[in-house]
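S.K.: What follows is a structure written as structure tokens; I'll ask about it next.
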Amino acid sequence: MDCNGKVLITGATGFIGSALAVRLANLGCEVHCPVRPKNTERINQLKKYCKVHIVDNYFQTLFEEAWAKASPDYVFHLASEGVLVKGRSEATIEQTNVDLMERVLQVAKGKNLRRLVYTGSCSEYAPQDFGQLISEEHPTEPQSLYGRAKAEATQRGVALAKKWSIPFVSLRLFGAYGPGEASERLIPHIITQLSRGESANLTSGDQMRDFLYIDDVISGLLLAAQIKQGLGGIYNLCSGTPRTVRSVGETVARIMKKDQGFLKWGAIPHRKDESQWIVGDNAKFKELTNWTPQVTLEVGIQKMIPFYT
């Protein structure tokens with residue numbers, strides 16, 4: 001990616017956004033991060049690398065002011081709400097995903113952007129038959145409130161970008177994990193519990209998932225910003241490798257040299273909106289960019305352990 005250009009990141013205090021900001025800053029880019037003032041720890045970390053603009057509300061003129069200060073060549077729109085089950089609010093999810101997408105594109109209209117990259121979600125897709133990889137052509141029929149909001153945001157983004165000639169690309173992410181991920185997520189939760197010598201209460205673990213390490217996610221985002229053809233499109237960003245949740249937990253315990261008995265499979269029920277099979281097909285993005293995942297699950301877990309212990 002051309003780091004002579006300026007970059008603006010929404011959602012820079014999040015797991016993926018903060019990792020992206022640091023990577024871009026280390027590459028020598030001028031990175032601007034409009035952030036809401038609630039995550040003080042992440043904001044202080046970002047200030048070491050980026051130009052941070054504190055905004056009380058993305059939907060007010062302060063967001064436009066932050067954009068004006070940045071005059072970005074590239075925009076990564078990562079701000080989102082609802083991926084974590086705890087504290088989900090229908091109104092907040094709708095506003096932060098759908099309304100904010102329209103707001104970002106309205107501000108981008110008429111600007112000389114090289115690329116606007118949006119992070120969509122595998123939650124946008126309809127359930128897929130067990131054993132069949134989910135491609136970009138698979139129907140969008142989300143089963144969760146979050147998935148519905150992300151799907152609507154993607155649809156609105158594609159339509160408005162085409163209408164206003166904005167070079168827009170959406171990457172539907174599958175199973176991003178790594179240091180900095182929320183503590184209640186699967187791998188951080190297991191690492192934390194095992195490091196304390198405590199049991200980890202889990203579902204049956206039969207679900208098949210697609211895990212992609214944060215470094216590979218960031219590499220994919222940077223390559224998406226360099227796509228030259230037309231106004232872009234929608235691409236899966238995923239490993240394409242199915243792993244059961246149970247095998248992931250067992251791998252964590254093995255690497256940490258902890259007794260598998262601490263893993264209490266079946267102690268909690270599955271979510272009602274949870275699909276048993278969520279594994280993506282990454283062929284379209286790989287063919288376009290030559291991107292390929294570099295970090296195996298085992299290596300990724302090893303990198304995470306020091307962060308959570």
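S.K.: Dimensions of the chain along principal axes (Cα, Å, largest first)?
M.R.: Extents along the principal axes, in whole Å: 58, 41, 39.
S.K.: Please grab the % of Cα pairs in the stretch 191-234 that end up more than 18 Å from each other. Let's see the in-between values first.
M.R.: On the way: 582 of 946 pairs.
Every Cα pair in the stretch 191-234 considered, those over 18 Å come to 62 percent.
S.K.: About its Cα centre, how strong a charge dipole does the stretch 189-309 have in debye, to the nearest 20, once Lys and Arg get +1 and Asp and Glu get -1 at the Cβ? Before the final figure, lay out each step's value.
M.R.: On the way: 14 positive and 12 negative charges, 34 e Å.
Using only the charged Cβ atoms, the result is roughly 160 debye.
S.K.: Beta carbons within 10 angstrom, averaged per residue: use that to sort the peptides 268-279, 245-256, highest first. Show your work: numbers first, answer last.
M.R.: Values: 268-279: 14.4, 245-256: 18.2.
Averaged packing, sorted descending, gives the order 245-256, 268-279.
S.K.: Tell me which residues come under 5 Å, amide H to amide H, from Val35 once H is placed; ignore anything under 5 positions away on its chain.
M.R.: When sequence neighbours closer than 5 places are left aside, the close amide H contacts are His53, Ile54, Val55.
S.K.: Can you list the equivalent-ellipsoid semi-axes of the stretch 230-279, largest first and in whole Å, using the square root of 5 times each Cα gyration tensor eigenvalue? Don't jump to the answer; show the numbers that get you there.
M.R.: Working: eigenvalues 193, 57, 11 Å².
Taking √(5λ) for each Cα gyration eigenvalue gives 31, 17, 7 Å.
S.K.: If you take the Cα Rg of the stretch 76-188 and divide it by 2.2 N^0.38 Å, with N the number of residues, what do you get? Walk me through the intermediate numbers first.
M.R.: On the way: Rg = 14.8 Å, N = 113, 2.2 N^0.38 = 13.3 Å.
That ratio works out to 1.12.
S.K.: Right, next: In Å and whole numbers, how far do the C-alpha atoms of the stretch 194-309 stretch along each principal axis, longest first?
M.R.: Principal extents (largest minus smallest coordinate, Cα): 52, 33, 17 Å.
S.K.: Now a separate question. What is the spread of the Cα atoms of the stretch 77-138 along each of their three principal axes, largest first, in whole Å?
M.R.: 44, 31, 13
S.K.: For the stretch 155-208, which GluC sites (Glu not before Pro) pass both filters: DSSP loop (anything but H, G, I, E, B) and at most 16 other C-beta atoms within 10 Å?
M.R.: Values: sites: Glu181, Glu184, Glu198; in loops: Glu181, Glu184, Glu198.
Within the stretch 155-208, the qualifying GluC sites (Glu not before Pro) (loop, at most 16 other Cβ atoms within 10 Å) are Glu184, Glu198.
S.K.: My understanding is that a pair violates if its Cα-Cα distance is over 31 Å; which of Lys48/Lys286; Lys47/Lys150; Lys47/Lys162 do that in this structure? Before the final figure, lay out the partial values.
M.R.: Numbers: Lys48/Lys286 33 Å; Lys47/Lys150 29 Å; Lys47/Lys162 35 Å.
Over 31 Å apart, Cα to Cα: Lys48/Lys286; Lys47/Lys162.
S.K.: Could you estimate the translational diffusion coefficient of the stretch 135-210 from the Stokes-Einstein equation, with Rh from the Kirkwood formula over C-alpha pairs, at 20 °C and 1.002 mPa s, in whole µm²/s?
M.R.: On the way: Rh = 15.8 Å.
The Stokes-Einstein estimate is 136 µm²/s.
S.K.: Compute the Kirkwood hydrodynamic radius of the stretch 6-63, taking the inverse of the mean of 1/r over all pairs of distinct Cα atoms, and give it in Å to one decimal. Walk me through the intermediate numbers first.
M.R.: Details: mean 1/r = 0.0898 Å⁻¹.
Kirkwood hydrodynamic radius for the stretch 6-63: 11.1 Å.
S.K.: I'd like the accessible area for Arg23: 1.4 Å probe, protein heavy atoms, all chains in place, Å² to the nearest 10.
M.R.: Accessible area, nearest 10 Å²: 70 Å².
The values are calculated or read from the model by the stated rules, or taken from the named source; none is laboratory data. Remember, it's a predicted structure, so these values are computed and weren't measured experimentally. Every residue, glycine among them, receives a Cβ derived from its backbone with ideal geometry; neighbour counts consider all protein chains shown. Just so you know, the surface numbers come from the protein's heavy atoms only, side chains and all, with ligands and any DNA or RNA stripped out. Shrake-Rupley method; radii C 1.70, N 1.55, O 1.52, S 1.80 Å.
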